[in-house]
1. Looking at 185, 141, 204 in this structure, which one is open to solvent by less than 70 Å² (accessible area, probe 1.4 Å), at pLDDT 95 or above and in contact with a strand residue (DSSP E or B) (Cβ under 6 Å, 6 or more places away or on another chain)?
2. Could you check segment 191-209 and list, in sequence order, the residues that are among the small types (Gly, Ala, Ser) and within 13 Å of ligand 1 (Cβ to nearest atom)?
3. Out of everything in segment 1-13 that is under 24 Å from residue 111 (Cα atoms) and of a type in the set (A, V, I, L, M, F, W, C), what residue ends up being nearest to ligand 1 (Cβ to nearest atom)?
4. Just for segment 26-41: of the residues that are more than 13 Å from ligand 1 (Cβ to nearest atom) and open to solvent by 10 Å² or more (accessible area, probe 1.4 Å), which one is farthest from residue 193 (Cα to Cα)?
5. How do the pairs read when you match residues in segment 14-37 that are free of Cβ contacts under 8 Å to residues at least 40 places away in the same chain with residues anywhere that are assigned to a helix (DSSP H, G or I) and more than 13 Å from ligand 1 (Cβ to nearest atom), using Cβ under 6 Å and keeping only pairs 6 or more apart or on different chains?
6. I need a count of the residues in segment 99-119 that are in contact with a Ser or Thr (Cβ under 9 Å, 6 or more places away or on another chain) and either part of a strand (DSSP E or B) or surrounded by 14 or more Cβ atoms within 10 Å (Cβ to Cβ) (or both).
7. Identify the residue in segment 166-189 that is of a type outside the set (A, V, I, L, M) and near ligand 1 (Cβ under 10 Å from one of its atoms) and, among all such residues, is nearest to residue 106 (Cα to Cα).
8. Exactly one of (1) within 14 Å of ligand 1 (Cβ to nearest atom); (2) open to solvent by less than 20 Å² (accessible area, probe 1.4 Å); (3) among the β-branched types (Val, Ile, Thr) is unmet by residue 16. Its number?
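The values are calculated or read from the model by the stated rules, or taken from the named source; none is laboratory data. It should be emphasised that the depicted structure is a prediction, and the values quoted were computed from it without experimental measurement. Glycine gets a Cβ as well: all are built from the backbone with ideal geometry, and neighbour counts include every protein chain shown. Side chains included, ligands, DNA and RNA excluded: accessible areas come from the protein's heavy atoms. Shrake-Rupley method; radii C 1.70, N 1.55, O 1.52, S 1.80 Å.
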Amino acid sequence: MIAVLVTNTKGGCGKTTIATNLAAAFAASRLTTALANVDRQRSAMQWLAARPSRLPAIRGLDWRKDIGEVPDDVQRLVIDAPAGLRLRQVDQLLTEADVVLVPVQASAFDVDSTRRFLDRLGELKPVRKQRKGVFLVANRVRPRTRASRRLDQALAELGHPVAARLADRALYAELAATGLGVFDVGGSVAVEARREWLDLVHAVEDSLA
Ligand SMILES: Nc1ncnc2c1ncn2[C@@H]1O[C@H](COP(=O)(O)OP(=O)(O)OP(=O)(O)O)[C@@H](O)[C@H]1O
Ligand SMILES: [Mg+2]
């Protein structure tokens, strides 16, 4: 099994969007996939509840109270962490994970709080000893804007590889409400978006190869 923890103490940076779409990407490639919801807001669970039964199934794990068991047959686990976690809680989730994804948006607020989060994350032994890969995911990117150039500069200074750059797309809000991911729908926007997601999937798989 490969377990991916999506986390950043910063709220609204795209953790649930990334966790749900990544789970859908794994499921679309016929891997037995589970999505663990740690957030009291239950966003990932709501997304799963809306997921049509005709689509590749994703198992929901409710980890709001405690970290639970992962069924033996699960091949890919995606953990959707909430904002504002304490370092101790991040440390507990880290023990379950092979790879950590940290979404970051372009604003200085996002970059600054992500930098602080990464500093604290770096204090945790598995990260300090480089036993777990930590990747940044640039989110809500608007290509060829000043903001995206500033983000690129900031990402280079954050000291972790960038697994993917996900563009800002209205499609994500629609998908969030319907239990779908960009791998579950047709249309040119989804096709374009999937290219960005494949970067992310490959970064995760390659980091463990
Ligand atoms: N790439 C994107 N393009 C457009 N909208 C996006 C993108 N990523 C996230 N969003 C939107 O931004 C909002 C916040 O995203 P999301 O809920 O995934 O963040 P979060 O980090 O899980 O938030 P929280 O900290 O509250 O758990 C949502 O409305 C989502 O649809
Ligand atoms: Mg969330």
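1. It is 141.
2. 193
3. Among them, the one singled out is 13.
4. Out of the qualifying residues, it is 32.
5. Close Cβ pairs satisfying both conditions: none exist.
6. Qualifying residue count, segment 99-119: 11.
7. In this case the residue turns out to be 168.
8. Result: residue 16 passes all but (2).
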